[in-house]
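Before any comments, here is the structure.
The values are calculated or read from the model by the stated rules, or taken from the named source; none is laboratory data. What you are looking at is a predicted structure, and each value in this text was computed from that prediction instead of being measured. Backbone-built Cβ (ideal geometry, glycine too); neighbour counts: all protein chains shown.
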Amino acid sequence: DKQEYILNLIDTPGHVDFSYEVDRTLACVEGVVLLVDATQGIQAQTIANAYKALEKNLVIIPVINKIDMDGAEIEKTQKQIIDFLGVKPEEIFKISAKTGMGVQKVLDAVIEKIPAPALLTHNTQHVTSHIKGQKEMLHVTSYMLQALIFDSYYDTHKGVIAFVRVFGGSLKRGMEVKMAHEGGIFIVSEVGMFKPDLTPTDELKDGEIGYVATNLKDIHAIQIGDTMQLPRDETPPLPGYKKVKPMVYASIFPTDTNDYLNFKKALEKLYLTDSALDFSGIYSTALGAGFRVGFLGLLHADVVRERLEREYELSLVLTPPQVEFKIEDGKFYEPIVKIFIYTPESYTGAVMKVCEEHRAKFITMDNTNQIALTYEMPLAELITNFFDRLKSMTSGYASLDWEILRYEYADANKMELLINNDPVEEFSEIVVTERAQEKSQFLTKRLKDLIPRQQFDIKIQAKYKGKIIASERISPFRKNVLMHKGKLVGGGDVGRKNKLLEKQKEGKKLMKSVGRVEIPKDAFMKLFNRQ
């Protein structure tokens, strides 16, 4: 039709760790391209994100990608999409992003099928629903600024750059704007659009997607899902906001203690670009100074470590991630998640067995297409080796999604590892009673293998609920004190020999009582990697 169109394509992360970002992104658009890999079929996270789009009444354009790959199962993937979405075969686009085959047809369909942004009428209805029918306010509130933040990053020159969708009013340079939930106020230093680079414009109007330069130096002042408003505007913010909180925690230490300051600076820089990151300083007698870091999930932890090591050339020790328990009146409460597993029918029994072994509670099973199993499970079980076992038992065909539900009472307590009666904090963690024996035996045996023999007895013990529940011993080097420079001391004098042996025994007792066990740093690294 010879018209020019601006298409804002927001690439959402596919992993469950970032599901909130996906949800806020979907709130900013009118439609989605549901991209399915022809070699993999529909994955759990694809289904979860598609449901989010359906709940928001967005137009869905299904697309099968990688049709040129050797392992592509186009017909099978098409049937999965038809069964799931209820669409006709001709409504599914088949493309190769690598070669460009079929991509133009998808772009044409985006223009044809996805509507242009709803403007003032949409905004008026939204405001009406929040002010409980106070019609006299409609004309005013229609033009009030409401812009939803769906992403952000830190620029060294412009401060925090927020990506927004404007749902009412407009944004211009020099405007004073407040954050509805976080409460901060800033002056807009620049607005613009993505073409595809950041291109400054005079203003961002109702219905448009663009960026706002805030000049703020703390990215945590701009939260995904928050609403930009005028300072004196009392209109309720756009719905759906929640403060993103870490779900798992791990301690990170530099392998070389001399790298601590470089590590601290690197983490602070990363903190500026990752609003979900949370950290605080800690000290370990074995590993030195480091940080306890909170992550959205295991992938987020992996991404952060990989970035720190690659971008800042650091070598790091990462302790096994743990979940945060709540403690009230001396009782422990653990986070419970709902998990959704999608698997071929032939693996159903194996999947159910793995779930039972990880303290999962069966909820439902649906077999309209693939087998879809729903369970409730402690998050602590999910972040161990559950997903690896699931993939192994299903030859890689199962996929998984999860969402946090609630905290639930757990028969749990702190388990401590003691080495010669000294607790080693790096190995201390909250463990449920039914896992305590298994975990304690694993840790004590592994430490026995990793700690080198020394000149005195080494006791490795696991303490739980005030009792020693597992124990290992490393025997000392036995130095022959009766030999000196290759010659036997004392000759045939039995009394002198016994005196030397008794002196050695007393010396070992002294070393054991006052000496600290030397634990090599690589022992920690090997143990953490094994866990």
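Odds and ends about this structure:
- Considered as a group, the residues in the range 333-385 that are of a type in the set (Ser, Thr, Tyr) and in a strand (DSSP E or B) include one that is nearest to Ala436 (Cα to Cα), and that residue is Tyr333.
- Residues that are under 13 Å from Val304 (Cα atoms), in contact with a strand residue (DSSP E or B) (Cβ under 9 Å, 6 or more places away or on another chain) and modelled with pLDDT of 85 or more within the range 254-269 comprise Phe263, Leu267, listed in sequence order.
- The set of residues in the range 218-238 being more than 17 Å from Leu171 (Cα to Cα) and more than 24 Å from the chain's Cα centre (by Cα) consists of Glu234, Pro236.
- When we screen Pro13, Pro62, Pro89 for residues that are out of contact with any Pro (no Cβ under 7 Å at 6 or more places or on another chain), under 26 Å from Ala147 (Cβ atoms) and not hydrophobic (A, V, I, L, M, F, W, C), the only hit is Pro13.
- Cross-chain or 6+ apart pairs with Cβ under 7 Å, the range 75-87 first and not assigned by TED's automatic domain parsing to the domain that holds Gln40, then outside any loop (DSSP other than H, G, I, E, B): none
- Selection status of Val354, at pLDDT 90 or above, among the β-branched types (Val, Ile, Thr) and touching a helix residue (DSSP H, G or I) at 6+ places or on another chain (Cβ under 6 Å): yes
- In summary, strands (runs of 3 or more DSSP E) completely within the range 203-289 and bearing 1 or more residues that are surrounded by fewer than 16 Cβ atoms within 10 Å (Cβ to Cβ) and not assigned by TED's automatic domain parsing to the domain that holds Val166 occur at 278-284.
- Filter result (under 14 Å from Thr227 (Cβ atoms), out of contact with any Ser or Thr (no Cβ under 9 Å at 6 or more places or on another chain) and crowded, with 17+ Cβ neighbours inside 10 Å) within the range 166-183: Val166, Leu171, Lys178
- Restricting the range 185-202 to residues that are free of Cβ contacts under 8 Å to residues at least 12 places away in the same chain and not in a strand (DSSP E or B), the residue that is nearest to Leu267 (Cα to Cα): Asp197
- Count of residues meeting criterion [farther than 21 Å from Thr319 by Cβ, acidic (Asp, Glu) and modelled with pLDDT of 85 or more] in the range 365-402: 1
- Identity of the residue in the range 390-415, closer than 13 Å to Ala350 by Cβ and hydroxyl-bearing (Ser, Thr, Tyr), that ends up surrounded by the most Cβ atoms within 10 Å (Cβ to Cβ): Thr394
- When each of Ala27, Ala72, Ala97, Ala109 is tested for being under 31 Å from the mean Cα position of the chain (by Cα), surrounded by fewer than 20 Cβ atoms within 10 Å (Cβ to Cβ) and farther than 24 Å from Tyr342 by Cβ, the lone residue that passes is Ala27.
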